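Working notes, structure below.
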Amino acid sequence: MLEQFEKMLAAGRDSALLRFGLGNEYLKRDDAATAATHFARAVEFDPAYSAAWKLLGKARDAAGDADGAADAWRRGIEVAQAKGDQQAAKEMTVFLRRVARR
């Protein structure tokens, strides 16, 4: 799947959904830094993409960037609440609390 996504990106078919898919694939491969780059692009394309904010925080946290993770989750919580996506907001709130305790 990663190879297909990379081909699409190389062909100029860049989008929030493609970047989200790339981020997921890199996260599965334990390449959190690359995943974070793709999730960051996804939220640049679509700042209201709450799932991308959630996984951006996870990727940044896994890459050792706790402050960046907390920032992504704070922004993601705002986005999720504005969209009425209460489940995503709750999940990110839990992640934010965990990173704050460290």
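Of the candidates ALA42, ALA63, ALA16, the single residue that is surrounded by 15 or more Cβ atoms within 10 Å (Cβ to Cβ), of a type outside the set (Asp, Glu), within 22 Å of VAL94 (Cα to Cα) and at pLDDT 95 or above is ALA63.
When we screen LEU96, LEU56 for residues that are in a helix (DSSP H, G or I), farther than 21 Å from GLY21 by Cβ and touching a residue at least 12 places away in the same chain (Cβ under 8 Å), the only hit is LEU96. Taking the listed residues ALA48, ALA35, the one that is in contact (Cβ under 8 Å) with a residue 24 or more places away in the chain, of a type in the set (Gly, Ala, Ser) and surrounded by 19 or more Cβ atoms within 10 Å (Cβ to Cβ) is ALA35, with no other qualifying. Among the candidates ASP71, ASP85, the residue that is closer than 21 Å to ALA33 by Cα and among the acidic types (Asp, Glu) is uniquely ASP71. The set of residues in region 31-53 being of a type in the set (Asp, Glu) and not in a helix (DSSP H, G or I) consists of ASP31, ASP46. The C-beta contact set for region 1-20 (first residue within 18 Å of ALA33 (Cα to Cα) and aliphatic (A, V, I, L, M), second residue loosely packed, with under 14 Cβ neighbours inside 10 Å and modelled with pLDDT of 95 or more, distance under 9 angstrom, 6+ apart or interchain) comprises LEU2/LYS28; LEU2/ARG29; ALA16/GLU44. Tallying residues that are surrounded by fewer than 17 Cβ atoms within 10 Å (Cβ to Cβ) and either aromatic (Phe, Trp, Tyr) or on the phi > 0 side of the Ramachandran plot (or both) within region 66-80 yields 0.
The values are calculated or read from the model by the stated rules, or taken from the named source; none is laboratory data. It should be emphasised that the depicted structure is a prediction, and the values quoted were computed from it without experimental measurement. So basically every Cβ, Gly included, is an ideal-geometry build from the backbone, and we count neighbours across all protein chains shown.
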